[in-house]
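Participant: After the structure tokens below, expect a handful of questions from me.
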Amino acid sequence: MAKIHMILQGKGGVGKSLIAAVLAQYMEHKGTPALCVDTDPVNATFKGYEKLNVRRLNIMEGDEINTRNFDALIEMIANHDGDVIIDNGASSFVPLSHYLVSNQVPALLADMGHQVVVHTVITGSQALPDTLNGFAQLVTQYPDECQFVVWLNPYWGPVESEGKSFEQMKVYQANKNRVSSIIHIPALKAETYGRDWAEIQEARITFDEALARDSLTIMMRQRLKLIRQELYAQLENTTVI
């Protein structure tokens with residue numbers, strides 16, 4: 001059974017492309033590279049990773065999104081034997097979600113033998129309410145055949161509210177039967193680990209590419225290796241990946 005991984009969240013700038021890139025690198029590391037697709041009409045960050053061979057899906061006609069162009073995405077999935085990773089931008093979140101739900105795409109893909117896995121991200125600080133609301137909307141809109149993976153991103157602050165962790169919040173407790181896994185993106189020291197990871201993200205290079213570069217210091221490569229190790233260990237325990 002092929003798995004169709006969709007990274008969805010209505011809030012922009014919360015790490016969707018980061019998640020797509022980590023997923024793609026992990027699958028390649030396992031020896032099962034996925035078909036990678038970037039549908040973001042504004043910021044095609046995922047497409048910027050040359051090593052991952054990401055395809056760009058053009059969904060624009062003039063200045064507007066034409067949801068019929070998502071038909072090409074379904075054709076890509078149908079004609080591919082393995083897993084697929086789809087990075088979707090905030091500006092196309094509503095059109096894509098409406099397209100998938102109104103056309104009963106999850107059920108269609110299930111009939112093809114595929115499983116839809118929705119990855120969404122929750123962040124700390126000011127974006128916490130918006131990302132929690134985005135998660136709640138997704139769980140409500142998408143049918144039971146869709147599995148969810150929640151990524152907690154502490155880049156802007158701890159993912160907590162009134163002393164409660166995400167796992168203790170009402171929105172998770174009410175929907176935890178839909179969540180197959182929770183991935184904790186590590187909280188990194190800005191001057192060392194955080195800076196190292198930010199630099200390779202800005203350069204759109206993978207962990208493997210960075211670790212192979214003698215131009216990077218020994219300790220920078222060591223810290224990147226440890227970040228990769230922590231993320232991959234969590235993904236290894238995620239049953240839907």
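Please treat every number below as a calculation from the coordinates, not as lab data. Values in this document were obtained by computation on a predicted structure and should not be read as measured data. Heads up, the Cβs are rebuilt from the backbone with ideal geometry, glycines too, and the neighbour counts pull from every protein chain shown.
Participant: Based on a Kirkwood Rh over C-alpha pairs, give the Stokes-Einstein translational diffusion coefficient of region 55-181 at 20 °C and viscosity 1.002 mPa s in µm²/s.
Facilitator: Values: Rh = 16.1 Å.
After rounding, the answer is 133 µm²/s.
Participant: Using just the helices of the chain, give the 222 nm mean residue ellipticity in deg cm²/dmol: DSSP H runs with n ≥ 4 each add -39,500 (n - 2.57), and the total is spread over all residues, rounded to 500.
Facilitator: -11000 deg cm²/dmol
Participant: What do you get when you divide the Cα radius of gyration of region 1-75 by 2.2 N^0.38 Å, with N the number of residues? Before the final figure, lay out each step's value.
Facilitator: Values: Rg = 12.9 Å, N = 75, 2.2 N^0.38 = 11.3 Å.
Ratio of Cα Rg to 2.2 N^0.38 Å: 1.14.
Participant: Can you put CYS146, CYS36 in order of Cβ neighbours within 10 angstrom, beginning with the fewest?
Facilitator: Ranking CYS146, CYS36 by Cβ neighbours within 10 Å, fewest first, gives CYS146, CYS36.
Participant: Give the percent of DSSP beta bridges with both residues in region 80-187 that are antiparallel, rounded to the nearest 5.
Facilitator: Values: 2 of 14 bridges.
For region 80-187, the DSSP antiparallel bridge percentage is about 15.
Participant: Express the C-alpha Rg of region 80-154 as a ratio against the empirical globular expectation 2.2 N^0.38 Å, rounded to two decimals.
Facilitator: Ratio of Rg to 2.2 N^0.38 Å for region 80-154: 1.16.
Participant: Tell me the Rg and the Dmax, in Å, that the Cα atoms of region 119-229 produce.
Facilitator: Cα radius of gyration and Dmax of region 119-229 are 16.7, 49 Å respectively.
Participant: Same structure again: Normalise the Cα radius of gyration of the chain by 2.2 N^0.38 Å (N = residues in it) and let me know the number.
Facilitator: Scaled against compact globular proteins, the figure is 0.99.
Participant: Using a 7 Å offset from the Cα along the Cα-to-Cβ direction at both THR192 and ASP71, what is the distance between the two label points in nm, to one decimal?
Facilitator: About 5.5 nm, to one decimal.
Participant: Next question, about the same structure. Restricting the count to DSSP beta bridges whose residues both fall in region 2-188, what percent are antiparallel, rounded to a multiple of 5?
Facilitator: 10
Participant: Ok, one more. Report, in order of residue number, the helices in the chain meeting two criteria: a C-alpha extent of 15 Å or more along the helix axis, and a mean Kyte-Doolittle hydropathy of at least 0.0; treat each whole DSSP H run as one helix.
Facilitator: 16-29, 128-141
Participant: Can I ask one more? Where does each of SER215, SER17, SER97 land when they are ranked from fewest to most other beta-carbon atoms within 10 angstrom?
Facilitator: On the way: SER215 6, SER17 25, SER97 19.
By the 10 Å Cβ count, ascending, the order reads SER215, SER97, SER17.
Participant: With +1 on the Cβ of every Lys and Arg and -1 on the Cβ of every Asp and Glu, and nothing else charged, how large is the dipole of the chain about its Cα centre, in debye rounded to the nearest 20?
Facilitator: My answer is approximately 540 debye.
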